[in-house]
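Worksheet for the structure shown next.
The values are calculated or read from the model by the stated rules, or taken from the named source; none is laboratory data. Small disclaimer: the values here were computed from a predicted structure and weren't measured. So basically every Cβ, Gly included, is an ideal-geometry build from the backbone, and we count neighbours across all protein chains shown.
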Amino acid sequence: MAGEAISVQGRARVAERAIAAGSPYLLIAPALLFMAAVSVYPLFYGVRASLAEYKYGRELGFQGLDNYRRVLADDVFWQAMYVTLRFVLIAVTLETILGVALAVLLSRDLRFAGLIRTGLIIPMTVAPVVVGIVWRLIYASDVGIVNPLFRVAGLTPPDVLSHGTSAFLGLVAVDVWEWTPLIMLIVLAGLHGLPREPIEGARVDGASELRVFFDHTLPLVRPVLLVAIILRTIDAIGTFDQVFVLTKGGPGTSTQLIAIYGYNTAFRFSQYGQASAMMLLVLVGMSVLLVAAIRTIRGAAKKATGAA
Amino acid sequence: MRSRTRTVSMYGAIVLAVVIALFPIWWMIVTSFKQPVDIYSGVSLVPQHFTMDNYAELFRDRHFGSYLGNSLVVVALSVGISLAVGTLGAYALTRSTIGERIRRLSLVGALVVRMVPPILLAIPLYIVLGKLGLLDTKLGLIFVYAGLNVSLVVWMMESYLGEIPPEIEEAALVDGDTPLSALRRIVLPLAAPGMVATAIFSVIVTYNEFLLALSFTSTPNSQTITVGVSTLIGKIQIEWGPMAAAGVIGAVPIIVFALLVQRHFVRGLTLGAIK
């Protein structure tokens, strides 16, 4: 018996060795090639382009760090960075608060819980371009719904997209509408795996709902929430589609996020060198965030797989 | 008494949230079935005179047939390629015989490709595609989307395949399977639900993609549906009816699709960090 088992293991080992000769590397090679073709290669090309001079979209030769100097001296660039930062901070904060609140509400034993959840996540399944269309129709000064609502309330109709401040806030509202469900869904998934006893226990002891939430629920979902916030922040920095449809960055530069400015610089003004330099600076600025994301996501993914 | 007020306010908050989530989409759908006169005649939550004209116009005058066709071709091919390439790669990563270095490199690489904002890739990729003569072609888009999707597939399938106990596969190898036939006969059937979820998630991401398609294509021969939708904006006067109809066409297939795989949604969106 024992001899047989060993020979079986032995044969398995022979088979393993045969594969070890290179087969897994052969299997991963095409995947790595594909990924490198759309990331490493363009990134190198981007670095190259950032050092070159372009006129009317044609490369005229290298000019050292001029593009970087020009970007760093460009007020519009800094303005766009500032608008982006403000947009991301306000939107992600609101999404986190609302998303957590909704998740806690939905984690109760509700009637129609499944149906409610389905209804709530629809906004984030809509293509971001279409989200832009949806809100164009809501904000429109002639056919929209916001102006009539204000009129009914006896207030001056705001013409949301025609003024800097309201256009910016309107954009934040769109992002909150679209992505609060993401935070909600992630936190809900996190709440699902929690032990109920400490929470029930605290309730029985007469702790208020807020106490229970801050003392028991929040610490337990914190790791999950962190993943959600980091992912959302990275995505929000790249926001483009909705703005392109809603305001194209205007009025003035009030909603010109960095992605919009980068797009305009490259594809409207054909300043590929300057645009590349700008985007590389953004990438460097984001790298801390990316590293944090990789750490937390890999860690969480490992734990999730280990627990399963 | 107190608990009753609490229940009422709880349901009140939820109803409010659902209305806020769904009303804007309802408004777009309603507008898409209205005649121009009715669109301008004030707020009405249902079409006063139901019409399909807005949709007809999109397909008759605005190339929506070809946008949809392009999206179909681009999505099908790029997702198909990336599933094949990515699943094989992910399978290799779950095998103990692969070096830890290359494993880490592949997984971290996949995450980074997935997370870098598309605008950062758009500019250099535009120059590269231009050199290859692939601007304004479906082939160029397929190539770019396949590359981006491979990262998603590698990352997600690695986690699904990793859940399959290695003993099952080892038993197959002992029975005389080669690694590839073991993959096909034993491992893939077990990972099928994960693969379906990955495929559908890739379809959603690809169909919804806008910035790269906008940057790399310029004619209805290769433009996808999201770019098509955006062509209705920016003219001197916006035609609200057709624009709303375009939005509906751009959104509905994916809404339906996404709701079908809700269960897998969190995992895809969080790149497997949360199930």
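Listing for the model above:
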| item | result |
| --- | --- |
| Only listed residue being polar (S, T, N, Q) and either in contact with a helix residue (DSSP H, G or I) (Cβ under 6 Å, 6 or more places away or on another chain) or not assigned by TED's automatic domain parsing to the domain that holds residue B:207 (or both), chosen from B:137, B:94 | B:94 |
| Residue A:68 being buried (at least 17 other Cβ atoms within 10 Å of the Cβ) and within 24 Å of residue A:256 (Cβ to Cβ) | yes |
| Output for region B:215-234, where each listed residue is more than 19 Å from residue A:134 (Cβ to Cβ) and either in contact with a Gly (Cβ under 7 Å, 6 or more places away or on another chain) or without any contact (Cβ under 8 Å) to a residue 24 or more places away in the chain (or both) | B:216 |
| Pairs, first over 18 Å from residue A:137 (Cβ atoms) in region A:152-168, second loosely packed, with under 14 Cβ neighbours inside 10 Å, C-beta under 9 Å, six or more apart | A:164/A:252; A:168/A:86 |
| Those residues of region B:228-247 which are more than 8 Å from chain A (Cβ to nearest Cβ) and part of a helix (DSSP H, G or I), in sequence order | B:228, B:241, B:242, B:245 |
| Residue in region B:204-214 that is under 30 Å from residue A:135 (Cα atoms), touching a Ser or Thr at 6+ places or on another chain (Cβ under 8 Å), polar (S, T, N, Q) and more than 11 Å from every other protein chain (Cβ to nearest Cβ) present | no |
| Residue among A:116, A:97 that alone is surrounded by fewer than 23 Cβ atoms within 10 Å (Cβ to Cβ), out of contact with any strand residue (DSSP E or B) (no Cβ under 6 Å at 6 or more places or on another chain), at the interface with chain B (Cβ under 7 Å from one of its Cβ atoms) and more than 12 Å from residue A:175 (Cα to Cα) | A:116 |
| Test: residue in region A:21-30 that is out of contact with any Lys or Arg (no Cβ under 7 Å at 6 or more places or on another chain), within 9 Å of another protein chain (Cβ to nearest Cβ), modelled with pLDDT under 80 and in a helix (DSSP H, G or I) | yes |
| Selected residue (criterion: farthest from residue B:260 (Cα to Cα)) from residues of region B:172-197 that are small (Gly, Ala, Ser) and buried (at least 16 other Cβ atoms within 10 Å of the Cβ) | B:172 |
| Tabulated pairs, region A:173-191, first modelled with pLDDT under 95, second outside any helix (DSSP H, G or I), C-beta under 8 angstrom, 6+ apart or interchain | A:186/B:270; A:186/B:274; A:189/B:274; A:189/B:275; A:190/B:274 |
| Residues located in region B:63-104, provided they are aliphatic (A, V, I, L, M) and under 24 Å from residue B:187 (Cβ atoms) | B:79, B:81, B:83, B:84, B:85, B:88, B:90, B:92, B:93, B:98, B:102 |
| Count of residues meeting criterion [in contact (Cβ under 8 Å) with a residue 24 or more places away in the chain, at the interface with chain A (Cβ under 10 Å from one of its Cβ atoms) and among the aliphatic types (A, V, I, L, M)] in region B:158-187 | 1 |
